[in-house]
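One structure follows; several queries about it will come next.
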Amino acid sequence: MRSHYCGDLNASHEGQEVTLCGWVHRRRDHGGVIFLDLRDREGIAQVVFDPDTVDAFALADRARSEFVLKVTGKVRLRPEGTVNPNMKTGEIEVLGKDLEILNSALTPPFQLDEYTDVGEDIRLKYRYVDLRRPDMQQKLIFRSRVTSAIRNYLDSNGFLDIETPILTRATPEGARDYLVPSRTHQGSFFALPQSPQLFKQLLMVSGFDRYYQVAKCFRDEDLRADRQPEFTQIDIETSFLGEEEIMGLTEGMVRKLFGDLMNVEFDAFPRMTYADAIRRFGSDKPDLRIPLELVDIADLMEAIDFKVFKGPASDPKGRVTALKVPGGATLSRKQIDEYTKYVGIYGAKGLAWIKVNAIEKGVEEGLQSPIIKFLGDDVTMQIMERLDAQNGDIVFFGADKATVVSEALGALRCKLGEDLNLYTCEWAPLWVVDFPMFEEDGKGGLTALHHPFTAPSCTPEELEATPADALSRAYDMVLNGVELGGGSVRIHNEAMQHVVFRVLGIGEEEQREKFGFLLDALKFGAPPHGGLAFGLDRLVMLMTGADSIREVIAFPKTQSAACQMTQAPGTVEEQQLRDLNIRIRRDPASATSH
């Protein structure tokens, strides 16, 4: 039906007759000459109709925004002075000869240009219209190029694309499962996979030593800008490779991806231990574009009487730390109050600060803060010396449980970096390694920091003796403060897997009931194996500069895990529920209110 895409036309097509199909992006009537900007996925071409082509001109006069047209005409160079350098096809236009209106359209619910300012709820309700916008089309086209490049890289490195089941059984992986009732097995449920983790491990046992999959995953969890109830992973698993080899191979993939698609060249990724990341940046996914670092000062606080600092300084699970912001003394009291409110989101009870106005004048005249009187001159100056504080700086303090301080000041560090534009570079990738095997679950027990199939860096005996001290053979790839992917070497020994389950409080009976198939597989010659899963949505979000992953997913859900367009989730017919032996329990108060 078409000979060319609109956006593919250029000066080399001058004099050629072309047929274009697309949507009316904009219509202009200039003194009896009608200009139609015709749009398709590749771009926009300007089509000109003059009264000499009577039938085509009459149809062009009827055409309105988002009408679907088929146009035949001749490509010509634009007249001198009318070239549009900001448009891919800005050197040419098409003199329309024939026009067919393939379909008319209602007035769209919002403009489809770069100046559109409309609420996300309206955009999601009319997503099929929203996706016509050039910037949205470019994001999804770029996403397709990313997945194609990843497939090519993995294919060329001997990986096999193998699908794993969508209907499986519930397994504990850190979030709630989406459950699917079974009609043929009354009272039983499938679960949608949170990841293909166990199946890809079983593929390694099966001898398919290099596997990958562009996999749909599902997690019924609270949503944020970078979370969706269904999302896409680039899932990778290999046998007979250690963590260094897996990290090298996947790092090569990301470096090639950015080089080929964005002309961005990464050096080798630096390595940072989990402990160092938390200590220096308060986060296990630090944004290294921001030069600010946390500095521990608990040892300076143990001797003072100020309980706000002394308490956490004397508590083995506490932390007292400082964050120096060069040039931050210009922050107003209102701005400081806003940052105090911000860290409260992460559990901080307040945000102490010292402004460095003229440090050479000493504490009383050179420093400004409501807390100096509690610290004393000597301790205050020791803090300034440790931080190498300079005139014009501000120092923020955190004192509480270590997790609260790290999360609050780590988040503040990123917030200040963004607000004050402290970025030193555009891209800052790294690997975070040596994660703890377990973390406290708040109930006196332990839970797996990643998942219970991650291999520890110690023997089974050492793991069982001191599980809280064990490190795992896990690794996360981080870019600009975003976790792009996480992975680990897996447990391939049944005895070690039993120990991990016992540490997690999973008894023998529960192990057999939930993971019997995996434990059996480990007895039949399971090779050493490991892998990594990249969040495709997050990766594309970063590469395109989008504000959230909803901008790079064709049909995303809202923050409440609903689809504005289809109105999912929805009710089902009573007969369907009876077939599944399900009865809906309704709130009596809600029923009477209707």
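For (1) closer than 29 Å to ARG227 by Cα; (2) of a type in the set (Lys, Arg), each residue gets a yes or a no:
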{"residue": "ILE491", "(1), (2)": "yes, no"}
{"residue": "GLU494", "(1), (2)": "no, no"}
{"residue": "VAL500", "(1), (2)": "yes, no"}
{"residue": "LYS514", "(1), (2)": "yes, yes"}
{"residue": "PRO528", "(1), (2)": "no, no"}
{"residue": "LEU532", "(1), (2)": "yes, no"}
{"residue": "ASP547", "(1), (2)": "yes, no"}
{"residue": "GLN564", "(1), (2)": "yes, no"}
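For a quick check of your reading: which helices (runs of 4 or more DSSP H) sit entirely within region 343-409 and have at least 2 residues that are modelled with pLDDT of 95 or more and among the hydrophobic types (A, V, I, L, M, F, W, C)?
377-387
Still on this structure: Scan region 165-186 residue by residue and report those that are over 18 Å from LEU580 (Cβ atoms) and touching a residue at least 60 places away in the same chain (Cβ under 8 Å).
THR171, PRO172, GLU173, GLY174
Separate question: Note down all Cβ pairs under 6 Å where the first residue falls in region 426-440 and is free of Cβ contacts under 8 Å to residues at least 12 places away in the same chain and part of a loop (DSSP other than H, G, I, E, B), the second is buried (at least 19 other Cβ atoms within 10 Å of the Cβ) and not aliphatic (A, V, I, L, M), and they're at least six residues apart or on different chains.
Close Cβ pairs (under 6 Å, with a partner that is buried (at least 19 other Cβ atoms within 10 Å of the Cβ) and not aliphatic (A, V, I, L, M)) do not exist here.
So which of GLY535, GLY505, GLY481, GLY487 ends up being in contact (Cβ under 8 Å) with a residue 12 or more places away in the chain, at positive phi, touching a Gly at 6+ places or on another chain (Cβ under 8 Å) and among the small types (Gly, Ala, Ser)?
So the residue among GLY535, GLY505, GLY481, GLY487 that is in contact (Cβ under 8 Å) with a residue 12 or more places away in the chain, at positive phi, touching a Gly at 6+ places or on another chain (Cβ under 8 Å) and among the small types (Gly, Ala, Ser) is GLY505.
If LEU124 satisfies every condition in (1) hydrophobic (A, V, I, L, M, F, W, C); (2) over 29 Å from VAL48 (Cβ atoms); (3) surrounded by 17 or more Cβ atoms within 10 Å (Cβ to Cβ); (4) more than 22 Å from the chain's Cα centre (by Cα) but one, which is the exception?
(4)
Quick one: how many residues across region 8-31 are in contact with a helix residue (DSSP H, G or I) (Cβ under 9 Å, 6 or more places away or on another chain) and not basic (Lys, Arg)?
Residues that pass the stated criteria total 5.
Looking at the structure I just gave you, is ASP260 more than 26 Å from LEU154 (Cα to Cα) and part of a helix (DSSP H, G or I)?
no
Same structure again: Would you point out the residue of region 177-205, among those that are closer than 24 Å to THR447 by Cβ and surrounded by fewer than 16 Cβ atoms within 10 Å (Cβ to Cβ), that is farthest from the chain's Cα centre (by Cα)?
Here the residue is PHE189.
Restricting attention to region 141-171, report how many residues are surrounded by fewer than 17 Cβ atoms within 10 Å (Cβ to Cβ) and modelled with pLDDT under 95.
Of the residues in that region, 2 qualify.
Is it the case that GLY248 is part of a helix (DSSP H, G or I), surrounded by fewer than 19 Cβ atoms within 10 Å (Cβ to Cβ), modelled with pLDDT of 95 or more and not polar (S, T, N, Q)?
Here the answer is yes, as GLY248 does meet what is asked.
Is at least one residue of region 150-167 within 30 Å of PHE501 (Cβ to Cβ), of a type in the set (S, T, N, Q) and over 23 Å from the mean Cα position of the chain (by Cα)?
Scanning region 150-167, I find at least one residue that is within 30 Å of PHE501 (Cβ to Cβ), of a type in the set (S, T, N, Q) and over 23 Å from the mean Cα position of the chain (by Cα), so the answer is yes.
Within region 30-54, how many residues turn out to be loosely packed, with under 15 Cβ neighbours inside 10 Å, touching a strand residue (DSSP E or B) at 6+ places or on another chain (Cβ under 8 Å) and of a type in the set (Asp, Glu)?
1
Within region 367-390, which residues are surrounded by 17 or more Cβ atoms within 10 Å (Cβ to Cβ) and either in contact with a Phe, Trp or Tyr (Cβ under 6 Å, 6 or more places away or on another chain) or of a type in the set (Gly, Ala, Ser) (or both)?
Within region 367-390, SER369, PHE374, ALA389 qualify.
Among the numbered conditions (1) surrounded by 15 or more Cβ atoms within 10 Å (Cβ to Cβ); (2) in contact with a Lys or Arg (Cβ under 9 Å, 6 or more places away or on another chain); (3) modelled with pLDDT of 95 or more; (4) not aliphatic (A, V, I, L, M), tell me where GLU265 comes up short.
Only one criterion in (1) surrounded by 15 or more Cβ atoms within 10 Å (Cβ to Cβ); (2) in contact with a Lys or Arg (Cβ under 9 Å, 6 or more places away or on another chain); (3) modelled with pLDDT of 95 or more; (4) not aliphatic (A, V, I, L, M) is unmet by GLU265, namely (1).
Return yes when LYS324 is on the phi < 0 side of the Ramachandran plot, basic (Lys, Arg) and out of contact with any strand residue (DSSP E or B) (no Cβ under 7 Å at 6 or more places or on another chain) and no when it is not.
no
The values are calculated or read from the model by the stated rules, or taken from the named source; none is laboratory data. Quick caveat, the model's predicted, so the values are computed rather than measured. Cβ atoms come from the backbone with ideal geometry, glycine included; neighbour counts cover every protein chain shown.
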